[in-house]
């Protein structure tokens, strides 16, 4: 049965953990969906793990919509969330509404955007037009330059209270869930206990209502840098290099193709 926003509320109320992963194309989205993952995020992280960029900032709306259509095409059950890229919503509420609407036209069921109290006017406007919004606070990659790098946020009492205020604000504005990234465990636990909407952690400890990882990190396909919060469940890059090297050797030695792989 397809996962919906009300189902995520039910899971939080029942104490059932929510699972979420990124995907950027048809075959990987199909595998994630068939594995029973609740939410697929078409993340602007594709800028780093697919395009090889140092940050997510250059990713465009056109690229995000292109990848969203592929993911939607492969998905039967997971809730698909489109990640709003840099400058697709920061310029005005009207521009944010228009771009969020394009994600729904591409087949996504919701959008995700970064920021706390500063984006609440947009969150409220989107929810008024029945566009479900997943908020994202803490370490927000689009703010990498202001933060001075990809650093844990919310350390210290004042910073923790700022995060608490942001979490309350996005819930009040109408977000159906909030991603907590790079947040100390105790602060994430407090936010999760206080909010009525689900919290999805990434580098925020085990007390959140759910967890999200970048698929390429989980599968060991991306190794330029590996954050502390990543757990690798496979090492597909090494396996792929081994397979490709074997193919190369067999072609060079004349071992492939054989008569078996030939037409008669």
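The values are calculated or read from the model by the stated rules, or taken from the named source; none is laboratory data. This is a predicted model, so every value here is computed, not measured. Cβ coordinates were reconstructed from backbone atoms using ideal geometry, including for glycine residues, and neighbour counts include every protein chain displayed.
Residues of region 72-88 include at least one that is without any contact (Cβ under 8 Å) to a residue 12 or more places away in the chain and in the same structural domain as residue 193 (by TED's automatic domain parsing). Restricting region 110-122 to residues that are in contact with a strand residue (DSSP E or B) (Cβ under 6 Å, 6 or more places away or on another chain) and assigned to a strand (DSSP E or B) leaves a set whose member that is farthest from residue 166 (Cα to Cα) is 110.
Taking the options 96, 107, name whichever one is assigned by TED's automatic domain parsing to the domain that holds residue 28, touching a strand residue (DSSP E or B) at 6+ places or on another chain (Cβ under 9 Å) and surrounded by fewer than 19 Cβ atoms within 10 Å (Cβ to Cβ). Matching residue, one of 96, 107: 107. Within the set 234, 204, the sole residue that is within 25 Å of residue 44 (Cα to Cα), in contact with a helix residue (DSSP H, G or I) (Cβ under 8 Å, 6 or more places away or on another chain) and loosely packed, with under 13 Cβ neighbours inside 10 Å turns out to be 234. Being in contact (Cβ under 8 Å) with a residue 12 or more places away in the chain, surrounded by 16 or more Cβ atoms within 10 Å (Cβ to Cβ) and outside any strand (DSSP E or B) holds for only one residue in 178, 212, 170, and it is 170. The condition of being assigned by TED's automatic domain parsing to the domain that holds residue 228, within 20 Å of residue 84 (Cα to Cα) and within 19 Å of the chain's Cα centre (by Cα) holds for only one of 133, 152, that being 133. Which of the residues spanning region 123-167 are without any contact (Cβ under 8 Å) to a residue 40 or more places away in the chain, touching a helix residue (DSSP H, G or I) at 6+ places or on another chain (Cβ under 7 Å) and part of a helix (DSSP H, G or I)? Hits for region 123-167 are 125, 160, 164.
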